[in-house]
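Quick notes on the structure that follows.
Just so it is clear, none of the values below were taken in a lab; they were calculated from the coordinates. Since we're looking at a predicted model, the values are computed, not measured. Cβ atoms come from the backbone with ideal geometry, glycine included; neighbour counts cover every protein chain shown.
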There are 4 protein chains.
Amino acid sequence: MPEPEETPEHWSKFRERCRLIIFHSTRPAEKLFDVLLILAIIVSVITVMLASVELIRAEYGGLIYAVEWVFTGLFTLEYFVRIYVSKKPLRYIFSFFGLVDLLSILPTYVDLFLPGAHYLMLFRALRVLRIFRVLKMVQFVGEANQLYAAIKASLRKIIVFVMAVVTMVLILGSIMYLIEGPEHGFTSIPKSVYWAIVTLTTVGYGDISPQTPLGQMFASLIMITGYGVIAVPTGIVTAELTLATTTEKNERRCETCGETGHKYTAKYCRNCGERL
Amino acid sequence: MPEPEETPEHWSKFRERCRLIIFHSTRPAEKLFDVLLILAIIVSVITVMLASVELIRAEYGGLIYAVEWVFTGLFTLEYFVRIYVSKKPLRYIFSFFGLVDLLSILPTYVDLFLPGAHYLMLFRALRVLRIFRVLKMVQFVGEANQLYAAIKASLRKIIVFVMAVVTMVLILGSIMYLIEGPEHGFTSIPKSVYWAIVTLTTVGYGDISPQTPLGQMFASLIMITGYGVIAVPTGIVTAELTLATTTEKNERRCETCGETGHKYTAKYCRNCGERL
Amino acid sequence: MPEPEETPEHWSKFRERCRLIIFHSTRPAEKLFDVLLILAIIVSVITVMLASVELIRAEYGGLIYAVEWVFTGLFTLEYFVRIYVSKKPLRYIFSFFGLVDLLSILPTYVDLFLPGAHYLMLFRALRVLRIFRVLKMVQFVGEANQLYAAIKASLRKIIVFVMAVVTMVLILGSIMYLIEGPEHGFTSIPKSVYWAIVTLTTVGYGDISPQTPLGQMFASLIMITGYGVIAVPTGIVTAELTLATTTEKNERRCETCGETGHKYTAKYCRNCGERL
Amino acid sequence: MPEPEETPEHWSKFRERCRLIIFHSTRPAEKLFDVLLILAIIVSVITVMLASVELIRAEYGGLIYAVEWVFTGLFTLEYFVRIYVSKKPLRYIFSFFGLVDLLSILPTYVDLFLPGAHYLMLFRALRVLRIFRVLKMVQFVGEANQLYAAIKASLRKIIVFVMAVVTMVLILGSIMYLIEGPEHGFTSIPKSVYWAIVTLTTVGYGDISPQTPLGQMFASLIMITGYGVIAVPTGIVTAELTLATTTEKNERRCETCGETGHKYTAKYCRNCGERL
């Protein structure tokens, strides 16, 4: 979001105009820019994805190449305009979204000079992250913040939970390696641990599955445990969100000092002590 | 539900009678109509489903054809009666349920003139939606409304969440495409993204699954993340429903002092001690 | 649970003693009976399960046959003792647990006269239900009741939810049948609906899975929807349980009339109006 | 955690120093010990896991053997130092973590004398449990305790729930055995029960899956039930956690009137208006 600092007097009208179009979204021209940018990002990400399909690349290779360059050109232009209108260009360049912007245009240029740098193409998929910057300014800010706050508040509990799960799958995987052994697909402890994760998270690919009766009995135990374990992260996040939602809906406001967040049962403002 | 507007004087008794039978459900004759309609819809949907089974179509093709025409006839009759008794026929025709009613009878007639219009048959499956209209009038209205309200209240948060998930699977799928590559079934980025969705939602078909140790390690990370991520929509809906349920049960208000939040079993105001 | 009615005077001491041993569980002899009964049920159910394993039946057929008859004899004895000590024998015989008791001994006798009545053996698995009667009397009554109450309170909401899910899978399955068609395993609408259920519930066997890009795209939509949908029943049950748990822990008690369930913020008893 | 008892006067400075380094973690040297210990445990567990991979063992067998002995040496040293600095050595030796410490070094020595004792190697995987002792002292204590309390409070409800699930899968598995039979992979009741667990917990390997229309219909019922059933443990844990979180955040008490339930941000009592 734009900093509320004063804009320097000597700035050109044009620069100021660009700044408004990129960072604000109240006037039609500014909204149009946001919508076009989101569309460009989506089309460009779809192009990257389709380019990886052999059949499509064989048939429409030229078109994809052209589209790729058009969007890279546009995004490069946008990148430099952003630097130009930014009050603190360096801060923008090294910000999270600044790096994402750079990474999403660089691979196409690198590919020009080092045709074998196939793996760099991946960074183009990061373009999808750019959508969030646009959305950040317009809508859903309240919802995203509430979710973010609930996840942040649950983070330490979730770390404890994930550590417990990792310990569990290490021990369960090791036991299963002994029970089933390499002849039933459990070729090593890491593979058994992978299987334990696939099972405990209820994904259950079925690429490795227990064959012996003892293994199936033990797997049943893991599954029923996993059933209970899945309740824990849900409980953590839900508890935080319930609290947040309840608080939000109980926001009674003091007429005297403007303090919000009073419960329905409160009689006096918790901030200034005046009757509500 | 019927609008409480006055019925025009010049309406025939018959038309009024039809209207009551279709829209009300307090007298036995009116209830019988609802029950018969639900039965007809269920039998007709089962017929559509069985007609798609090769073996059954080969053996009972004639019977299915006959049943299909009987129900189409009945539903056509019902459709015209609904238009006839409706005070604002056009509003009914272009309402959601009006279109569902039309779409669920049209395919059979079209099939008569254009025998190849196989795909239109699908619309017959939409008949199942008609059950909801009947139910709407009779029971479960309170429950459905409460669920609907909770989902509606969570909608914006769920949109934010789904966008975050879509971004995640796009990036995770692209990374997995690089790790595993076409030789292990990850033939393109869209297919890898499909795999990421199958994994993150814990569906886990197993039609594509990571083969390399690095891929399995990365997949394990996705699964454990998915385990935590599934907690978020649950938390969102639960928080809203908890609020709704708590509010519903706590809504009683003291006439004397205005204190709210009394339980249904309370006899005296918990604030001023007066009888509720 | 035993009815608190008076025991008729003319009852024999022995009958009364049996009654206490079967229905109470405070003295050591009474507790021992409960423990032995649970053990007998578990061993007998394990025998039924093992008897179905070809290899075990071939080797230990005689032993299993003997064990089966010993337990059938014991349970028959127990059944008649229960009728003997019951104050209202007919009410017991036609109660839920009375029928379970009968069904769990009958198949062995029927098998004697009609050796082909293989399917009746299934009823022996119902013996496992008998464990609940024993547990009902001893412990976990509070917990089971609270769970039962929460599920009962959520029942109507869950019915609405299940109906919405059934409608969804019918429509989604029909669409998938058109997209993928018989050549990719979606041989009929019922089979496609089965696939939709397997996918939406995140079970994901992988016996049928979409092969075409369009089908995989559509399946991805279903999976992400299912991800959100799973939140609804969880939300329903959690909301009820949160309410029950919160209520249980907030049980403030009025000194004057003994009414419980006051909130911490209450100043007057909600029953008699006295100051708490 | 270290007991706050007085340290005997005659203890050597060295012993006291060791004690502080092992049990405290406020000074840099003490923190360094914790970090090094965690690193040693992680590296050693990774070595155990890699040693089970055939290819790695073939190539780096010597290195793994050496690393194994270095860590066993270090952990043996640590074990004896812990006994040495402990005020009640026997209590430490027979405590949970004391036994884990012993079990994680013993297998390597036993392997020296009984080269065939392959299965004992598993105990080395238990080393991962040792991480929890280190973490116990430093951080996440509050979070872990809150989770532990919520799980403990839900334990009796979860036992009731697991018993209900076990009963369900026994009966559902038996019915499925009759419906599908050995020719479709349901070779015995235990195997059918295993399938029922795989399905109800939404793992869904797909190694066994129903083939007959009736079986698929019945499986659909189980899946939709499982969808509802998964809500129960989540509801149980969430209800407890919501209560814990809400209570923790609402614990402030007014000194003047005794009213509880104030938020941390409140400045005045919401009941009497006095400063908190």
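At-a-glance table
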read-out: Extended-chain gain in nm, criterion 0.36 nm per residue less alpha-carbon gap, A:TYR84 and A:LEU155; value: 21.8 nm
read-out: FRET efficiency for B:LEU103 and A:ILE46, using Cβ-Cβ distance with R0 set to 22 Å, rounded to 0.05; value: 0.10
read-out: Prolate/oblate/rounded call for segment A:8-134, Cα gyration tensor, a/c under 1.5 rounded; value: prolate
read-out: Members of C:LYS13/C:LYS88; C:LYS87/D:LYS157; A:LYS152/D:LYS31; A:LYS31/B:LYS152; C:LYS152/D:LYS157; D:LYS88/D:LYS152 lying beyond 22 Å, as alpha-carbon distances in this model show; value: C:LYS87/D:LYS157; A:LYS152/D:LYS31; A:LYS31/B:LYS152; D:LYS88/D:LYS152
read-out: For segment B:194-243 versus segment A:170-197, the gap between their alpha-carbon centres in whole angstrom; value: 21 Å
read-out: Cleavage-rule hits (trypsin sites (Lys or Arg not before Pro)) in segment D:55-106: DSSP loop, at most 16 neighbouring Cβ within 10 angstrom; value: D:LYS87
read-out: Karplus (6.51, -1.76, 1.60) ³J(HN,Hα), θ = phi - 60°, over segment B:58-74, in Hz, Gly and Pro reported as x; value: 5, 8, 10, x, x, 4, 4, 4, 5, 4, 4, 6, 4, 5, 4, x, 4
read-out: FRET efficiency, A:LEU221 to C:ILE38 (Cβ-Cβ, R0 22 Å, nearest 0.05); value: 0.65
read-out: Derived scalar couplings ³J(HN,Hα) [segment D:171-183; Karplus, 6.51 cos²θ - 1.76 cosθ + 1.60; whole Hz; x for Gly, Pro]; value: 6, 4, x, 5, 4, 5, 4, 6, 5, 8, x, x, 6
read-out: Karplus (6.51, -1.76, 1.60) ³J(HN,Hα), θ = phi - 60°, over segment D:77-84, in Hz, Gly and Pro reported as x; value: 4, 4, 4, 6, 4, 4, 5, 4
read-out: Estimated distance in nm for a label pair at C:LEU74 and D:TRP69, the labels positioned 7 Å out from Cα along Cα-to-Cβ; value: 5.6 nm
read-out: Size of segment A:140-249 as Cα extents on the principal axes (Å, biggest first); value: 58, 23, 21
read-out: Calculated FRET value between C:THR212 and B:PHE96, using beta carbons and R₀ = 35 Å, to 0.05; value: 0.70
